[in-house]
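Worksheet for the structure shown next.
Derivation of every value follows stated rules applied to the coordinates shown; laboratory data play no part. As the structure is a prediction and not an experimental result, all values here were calculated from the model. Glycine gets a Cβ as well: all are built from the backbone with ideal geometry, and neighbour counts include every protein chain shown.
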Amino acid sequence: MQVYHAKSWPAFARAANDKATKKIAAASKFRLFCNQHTSAFLRFMSHVFAFSIILFAATIPAFCQKSDTALRRVQEQDVFSRGGGDIPTLSPAEHLARAETYSSNRLFPEARAHWMKLLEVYPNDAGVPKALFGIARSFMWERQYAKAVEWFGRLTKDHLDTKDGREGLAFLGASYVRLGKNLEAAKAYEQYVSLFPQGERVDSAHLNIIDAYREAGKYDEAASWIQKAVATFADTPTEINALQAGLRMEIFRERWQQAVSAADSVLSKNSFRASMTSADEVKYLKALALEKAGKKQLAMDVYGSIGNSYLSYYGGLASERLAKGRAKFHMPETPTSKQIADSPVMFRAELLREAGKRKIDPRFLLAIMKQESVFKPGAKSPAGARGLLQLVFDTAIKYKDAAGYPNLQPDDLYAPAVNIAIGAEYVAALRDEFGGLYEGIAASYNGGEDNALRWLNRSKPKDPGIFVAEIGFAESKNYVFKVMGNYRLYQALYNEDLTRK
């Protein structure tokens, strides 16, 4: 770390004073906000849960005062160590640590500055692969995929013997996919399978090869890799995922009888545990294929075999299909007392105001809020998402002006009114992008807009259940199930003005 001598320190401190003072003032302002609004927030909450209030009240100031301590510390260190110039030379470990702090808060340019400095000053350090991976991954997060390909290429050229190099090869394939270069993606994943048959991502590499060839229109190659995956991963969740990929491909190609046969192959497996699909999903897709093939009664029978509850996404879709087909309409059971207690209306005034401005169903915002933060304004995720609707700062700044907060700072996202306004603006933009498909909004909210658009583009025919089946991330798929389950329950319990039915 650079050392400043006693004689030079006063001048340096004066040069940095303005920046440091502004940051300290911002932190003080936020702490004041917390102190001023805690009591008002408690009065509101007292009308909902007496016990929850007592527990939650103790946590609000703690969340406010402790939030982003590491980030502030690194920012202040950089202000002093820069002295108005470039980043000074620190130890490799310190550059990596500061980059990680910035990256985890999604301040990617600041993170890259430290990674780049490490590459410049310490080109032979053991941390070089990590820095290269961080730079490439940050460009992925920013959706600058051409740059990501360039940096993953540099990483994989010289460092495939490291874990970062192996990871980089897998992410190189993912970056090609997002550029629409599916054949290049398939080749990158095939290289991973060839070089690392026991690698951490070898199972997902097989599945990504299948989808890449399918999206490139190379159906025979996709089918070949389905068989390879089934043989390589027999009696594992990856086998089921590969078979489900075949089912999705047949539906996309509108080969209905082959889709029915593919569905039966998946359903013949004894367990769906830890896989990306379920018996309900496969039954729904089979029934849809039967319906498209003109076998309506058989389709209705399969729809009717899907159990209906607020926990079953495909059960709800099956009920709608049965109603449209004038078959017996099976309703879910009455919400339990626990489901009712776990589905409160919080921040009603803010939700109605911001949702009303943008013609959004406030019950859907509540469904997201429940899943994202369980209504905790001070919540922060390891990925740097903040507040009630868990907004990351790089997303929030895209919508801050339209939401009325042009001078937004990261900690402002802990304020309920700010978070809900920006979150509502974001959801409205996603609604327009996905044509009102709530599943698309939820998938995008969790998995990213580019990924959700890719899943939408390979959904044919256009149907919510087909779209959800196409979601390629287990976390995002489960997130959609939970949000849509929350939304369905809120619709059953509340009117659109959030009064109780």
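Things to note:
- Descending Cα extents along the principal axes, the stretch 297-411, whole Å: 59, 29, 29
- Among V418, G485, I240 - extreme Cα towards positive end, dipole of the chain, charges at beta-carbon: V418
- Model label points for D264 and Q198, set 7 angstrom from Cα along the Cα-to-Cβ axis, are 4.0 nm apart.
- A full extension of the chain between D220 and R326 corresponds to an added length of 34.2 nm, given 0.36 nm per residue minus the alpha carbon distance.
- According to the Kirkwood relation over distinct C-alpha pairs, the hydrodynamic radius of the chain is 25.3 Å.
- Span-rule helices in the chain, defined as complete DSSP H runs reaching 24 Å or more along the axis (Cα) with Kyte mean at least -1.0: 9-45, 50-66, 416-433, 474-493
- Top positive-direction residue, dipole computed over the chain with Cβ charges, set A174, L160, G435: G435
- Inter-part distance where the stretch 340-359 and the stretch 82-102 are each reduced to a Cα centre, Å: 43 Å
- Inter-site label distance for N495 and K187 at 7 Å from Cα along Cβ, in nm: 6.2 nm
- Length available on full extension from K163 to D432: 0.36 nm per residue minus the Cα-Cα distance, which gives 92.8 nm.
- Debye-formula intensities of the stretch 343-493, expressed as log10 I(q)/I(0) at q = 0.09, 0.13, 0.14, 0.17 Å⁻¹, are -0.25, -0.54, -0.63, -0.94 (one equal scatterer per alpha-carbon, no solvent).
- Computed from point charges on the beta carbon alone (+1 for Lys and Arg, -1 for Asp and Glu), the dipole magnitude for the stretch 89-179 about its Cα centre is near 300 Debye.
- Computed over the chain, the per-residue total of -39500 (n - 2.57) for DSSP H runs of n ≥ 4 gives a 222 nm mean residue ellipticity of -22500 deg cm²/dmol, rounded to 500.
- Charging the Cβ of each Asp and Glu at -1 and of each Lys and Arg at +1, and nothing else, the dipole of the stretch 228-331 about its Cα centre rounds to 320 debye.
- Point-charge dipole on Cβ atoms (K/R +1, D/E -1) for the chain, about Cα centre, debye to 20: 1080 debye
- Distance between the stretch 463-501 and the stretch 209-280 - C-alpha centres, whole angstrom: 25 Å
- In this structure, the residue pairs whose Cα-Cα separation is over 22 Å, taken from K218/K269; K286/K477; K295/K462; K228/K269; K286/K370, are K218/K269; K286/K370.
- The count of lysine pairs in the stretch 89-179 with alpha-carbon distances below 17 Å, taking only pairs 8 or more places apart or on different chains, stands at 5.
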